[in-house]
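**Student:** Following this message is one structure expressed as structure tokens.
Any read-out appearing in this document is the output of simple, stated calculations on the displayed coordinates, not a laboratory observation. Please read these numbers as outputs of a predicted model, since none were measured by experiment. Methodologically, a virtual Cβ is constructed for each residue, glycine included, from the backbone with ideal geometry; neighbour enumeration extends over all protein chains shown.
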Amino acid sequence: MTITPTRIYSREDWSSAFVNVQEELTNVTLNPARGEIPTDLKGTFYRNGPGRLERNGYRVHHPFDGDGMIAAMRFENGAVAFTNRFVRTEGWLAEEKAGKVLYRGVFGSQKPGGRFSNAFDLRLKNIANTNVVRLGDQLLALWEAAEPYTMDPVSLDTRGLSHLNGVLKKGESFSAHPRFDPSHQERPRMVTFGVKTFPPFPSSTIRLMEFATDGPDAGALLNDRSDKFPCFAFLHDFAITPNWAVFLQNSLSFDPFPFVTGRKGAAQCLASRPGGKGQFWLIPRDSGRFAGKEPLIIKAPSGFVFHHLNAFEEGNDIIIDSIVYDSFPLIGPDDDFTQVDFDNLPEGILHRCHLDLSRRIVQKNERITSRTCEFAMVNPLRQGLSARYAWMAVAEREVGNDPLQAIQKLDLITGNTRTWSAAPRGFVSEPLMVSRPGVSVEDDGWVLDIVWNGARKASDLVILDASDLSEVALFELPLAIPHGLHGSWAEFP
């Protein structure tokens, strides 16, 4: 008989993070509460996430509907300085001026006034809250249903909505989950995508774009292709190899009627198809050796995927590691997100799929771990290549679904793990692995993370040694930052 360990977290500690960011700070020096700042850690750690969760007493229905707030921690000369700013989107400015909620949210947040006030209002507020990446001299705040907002990389001042020098059309979607190719094809690139879906008979077009990330033309579009697929697409993440962009289209249905009539948010109209199978869509990269070839479609195992760890080529096949849920996790219209029952939510478990491209089948699908996890990554220099190590956020318990309270390093060959825990009163977000400059050892570097400290009702910045997850330094931030989404590391230009 398997005995499930008892939970040790407090729901009050976890939910206490769902607060508005109260101030914007500029270049506040952070001193370690424990440990020392690594002298060779030089660059900026950026983090994006919802910073405005309530306005005029009216709270969002789901934290993913909160306005984006960027935090930047700049490491230089053995010191670290903290700056944060809300992204001054058009919607944020309008609601600030009005002093009230003016827009619905994709994940179910409604305007005041009930269902009839929301019916037939199909406007989407670009909340720029999902990711933040450096591209040339621009810092891009990303939200995948629209164009990025561009910001100053140092001051975090909002410059405005960006069409990337004419690459994007007005209102065109731009993924919030780009992948950075470390230089598989001649030079480093940012690989990203946009999705356009055509109702009422669902078909979707994926636009795959590659941008230069170094040199005098950093930010320039290098490759651009579009491919049409005969179904509705819901895509947050993807993976790359030197020759392929790999998408997993989950088996979902979408009924827009409740959204149009004001009863649900657009994302709440999605549902997993019972027993349905998704599809892997493999698009040849125009920088690779299959440039110009048609995409491949392979039936996928059951389950739902938000995020992939990595993909790599093995001979003529592709291996992809993904965090798989049994079904699409969703907070319904009548649910309170601060009271969500984790036992009734599907767990995210890391799986590995072997894709046989010649026969166009999944040759093998295996579970890599049994511990609930999210936000996994490999060393950025191994993106798209076979990697030995992965770093991810995990639940404190070995078995069972809970909030993420620990960071784990996983040896993908042996299955051995090392863990740093913030439990019982701490809750982790997406860990970011930063490779030590000039070193080729895969696990030589640091792991950075923003941790919610339930005891302080504020946030901490932790730096761990990537090799064994021993604590290098911890900083008590002078700010309460809600549970966040994605972030990135940028070396100084």
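**Student:** Give the long-range amide H neighbours of Gly445: residues separated by 5 or more places, or on another chain, with amide H under 5 Å away, using H modelled in the peptide plane at 1.01 Å from N.
**Tutor:** Long-range HN contacts for Gly445: Arg436, Ala466, Ser467.
**Student:** I would also like to ask the following. Going 7 Å from the Cα of Arg289 along its beta-carbon direction, which residues of segment 244-281 have the amide nitrogen within less than 19 Å of the resulting point?
**Tutor:** Answer for segment 244-281: 244-246.
**Student:** Give me the percent relative contact order of segment 1-159, please, defined on Cα pairs under 8 angstrom at least 6 residues apart. Working shown, then result.
**Tutor:** Numbers: 289 pairs, mean separation 31.9, N = 159.
The normalised contact order for segment 1-159 reaches 20 percent.
**Student:** Hey, another quick one. Counting Lys and Arg as +1 and Asp and Glu as -1, what is the net charge of the other residues whose Cβ lies under 10 Å from the Cβ of Met392? Intermediate values should be presented prior to the final figure.
**Tutor:** Values: positive: Arg371, Lys409; negative: Glu374, Glu430.
Around Met392, the charge tally is 0.
**Student:** Could you derive backbone 3J(HN,Hα) for segment 312-318 from the dihedral phi with the Karplus parameters 6.51, -1.76 and 1.60 (θ = phi - 60°), listing whole Hz in sequence and x where the residue is Gly or Pro?
**Tutor:** Couplings: 7, 8, 10, x, 9, 9, 10 Hz.
**Student:** Moving on to the next point. Per DSSP helix of 4 or more residues, -39500 (n - 2.57); summed, then divided by the residues of the chain. What does that give at 222 nm, rounded to the nearest 500?
**Tutor:** On the way: 4 runs with 22 residues, N = 493.
Theoretical 222 nm ellipticity from helices: -1000 deg cm²/dmol.
**Student:** First check a/c for segment 240-377, with a ≥ b ≥ c the square roots of the eigenvalues of its C-alpha gyration tensor; if it is under 1.5, answer rounded, and if not, answer prolate when a/b is larger than b/c or oblate otherwise. List each step's numbers first, then the result.
**Tutor:** Working: a/c = 2.42, a/b = 1.66, b/c = 1.46.
Prolate shape, in that a/c is at least 1.5 and a/b is the bigger ratio.
**Student:** Please work out the Cα center distance from segment 469-490 to segment 80-95, rounded to the nearest Å.
**Tutor:** Value for the Cα centre distance between the two parts: 18 Å.
**Student:** Can you give the relative contact order of the chain as a percent, counting alpha carbon pairs under 8 Å and 6+ residues apart? Don't skip to the answer; put the middle values down first.
**Tutor:** Values: 1323 pairs, mean separation 75.8, N = 493.
Once divided by the residue count of the chain, the mean separation gives 15 percent.
**Student:** Something else: Could you derive backbone 3J(HN,Hα) for segment 206-220 from the dihedral phi with the Karplus parameters 6.51, -1.76 and 1.60 (θ = phi - 60°), listing whole Hz in sequence and x where the residue is Gly or Pro?
**Tutor:** 9, 9, 9, 10, 10, 10, 5, 10, 9, x, x, 9, 4, x, 6
**Student:** Relative contact order (percent) for segment 272-327, with alpha-carbon contacts under 8 angstrom and 6 or more residues of separation? Mind dumping the intermediate values first?
**Tutor:** Values: 77 pairs, mean separation 16.7, N = 56.
Contact order relative to length: 30 percent.
**Student:** Still on this structure, please answer the following. Quick one: check the C-alpha center-to-center distance for segment 413-464 versus segment 342-398, whole angstrom.
**Tutor:** 18 Å
**Student:** A further question on this structure: Please compute the net charge surrounding Ala71, taking Lys and Arg as +1 and Asp and Glu as -1 over other residues with Cβ under 9 Å from its Cβ. Don't skip to the answer; put the middle values down first.
**Tutor:** Working: positive: Arg47, Arg85; negative: none.
Here the charged neighbours net out to +2.
**Student:** Treating each Cα of segment 21-490 as an identical point scatterer and ignoring solvent, apply the Debye formula and state log10 I(q)/I(0) at q = 0.07, 0.08, 0.09, 0.13 Å⁻¹.
**Tutor:** The computed values of log10 I(q)/I(0) come out as -0.33, -0.44, -0.57, -1.35.
**Student:** Okay, moving on. Calculate, for Gln363 and Ser203, the FRET efficiency according to 1/(1 + (r/R0)^6) with r their C-beta to C-beta distance and R0 22 Å; round to the nearest 0.05. Before the final figure, lay out the partial values.
**Tutor:** Working: r = 29 Å, r/R0 = 1.31.
In this case the efficiency is close to 0.15.
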